[in-house]
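The values are calculated or read from the model by the stated rules, or taken from the named source; none is laboratory data. Treat the numbers as computed from the prediction; the structure is a model and nothing was measured. Every residue, glycine among them, receives a Cβ derived from its backbone with ideal geometry; neighbour counts consider all protein chains shown.
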Amino acid sequence: MTVGRIPSVEGGIQPTLLTAKGDLISATAASTVARLPVGSDTQILVADSTASTGLKWAAPTAPSLAGVRAVKSALQSIPNATYTSVAFDAADTYDTNSFHNPSTNNTRITIPTGGTGYYQIFGMITWVPAANHLGVMNFYKNGSSIMSFQVIATGNSSYQQAQFMSDVQYLTAADYIEIQVYQNLGSAINVQGSASDAQSSFFGVNFLGA
């Protein structure tokens, strides 16, 4: 019996190409294989056209906050039985993308260009001490109410009354959000504003995703 050679497999990838645990097979060009060494612990694999294999290991990028928290610095008189937009005139606690201007249209938070998506809207209104009355807090989108919360004061005029609301809404670029309030005491009542952020009314949005 004649023993012949076993033909090699054309185009096969040799196991010796991989030299360490976790190595990957990639390519530097068409039909050109290459070893991509394993990355470090917690790194992720990302595309990178400048890398020889078109791939690289990199540390994951931490998500960045997009949003604003606007603050009220002074008292604002709210007329009886009149829906009134609340002004937020203090320096913003944070504002990543010019959502709010404390001087111009300061009742509004406006979604910037490229900012379309889902947002958490949040806010707190604090009424100065007053006798028994109904207080209403509304979120308004482009001039129309989208959420409302009512509280009836206890009748004890020694304590402030606070209202807090939070909601998630899909907002598009140029949409604007406001807080409007209403009260029925029979005379004007002030909404709290203070140089001390801890005592002030506030309003904000945080981007959640597209």
- prompt: How do the pairs read when you match residues in segment 40-56 that are at negative phi and part of a strand (DSSP E or B) with residues anywhere that are surrounded by 10 or more Cβ atoms within 10 Å (Cβ to Cβ) and among the aromatic types (Phe, Trp, Tyr), using Cβ under 7 Å and keeping only pairs 6 or more apart or on different chains?
  reply: LEU45/TRP57
task: Select from segment 90-101 the residues that are buried (at least 17 other Cβ atoms within 10 Å of the Cβ) and at pLDDT 95 or above and write down the one among them that is nearest to GLN180 (Cα to Cα).
output: HIS100
query: Does at least one position in segment 181-192 carry a residue that is at pLDDT 90 or above and over 22 Å from SER148 (Cβ atoms)?
result: yes
query: Which one of these does ALA81 not meet: (1) at negative phi; (2) of a type in the set (Gly, Ala, Ser); (3) in the same structural domain as HIS133 (by TED's automatic domain parsing)?
result: (1)
- prompt: Can GLY123 be described as of a type in the set (Gly, Ala, Ser) and in a strand (DSSP E or B)?
  reply: yes
- prompt: So which of ALA34, ALA30 ends up being over 30 Å from TRP127 (Cβ atoms), free of Cβ contacts under 8 Å to residues at least 60 places away in the same chain and either surrounded by fewer than 10 Cβ atoms within 10 Å (Cβ to Cβ) or of a type in the set (D, E, K, R) (or both)?
  reply: ALA30
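For the condition under 18 Å from the mean Cα position of the chain (by Cα) and either at pLDDT 85 or above or not small (Gly, Ala, Ser) (or both), what is the one hit in ALA162, ALA174? Show your work before the answer.
Values: ALA162 fails: under 18 Å from the mean Cα position of the chain (by Cα).
Within the list ALA162, ALA174, the selection yields ALA174.
Looking at segment 60-87, which of its residues are within 19 Å of the chain's Cα centre (by Cα) and part of a loop (DSSP other than H, G, I, E, B)?
THR61, ALA62, PRO63, SER64, LEU65, ALA66
Here's the yes/no breakdown for (1) surrounded by 14 or more Cβ atoms within 10 Å (Cβ to Cβ); (2) closer than 18 Å to LEU75 by Cβ; (3) among the aromatic types (Phe, Trp, Tyr):
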{"residue": "ILE111", "(1), (2), (3)": "yes, no, no"}
{"residue": "GLN120", "(1), (2), (3)": "yes, no, no"}
{"residue": "THR126", "(1), (2), (3)": "yes, yes, no"}
{"residue": "TYR176", "(1), (2), (3)": "yes, no, yes"}
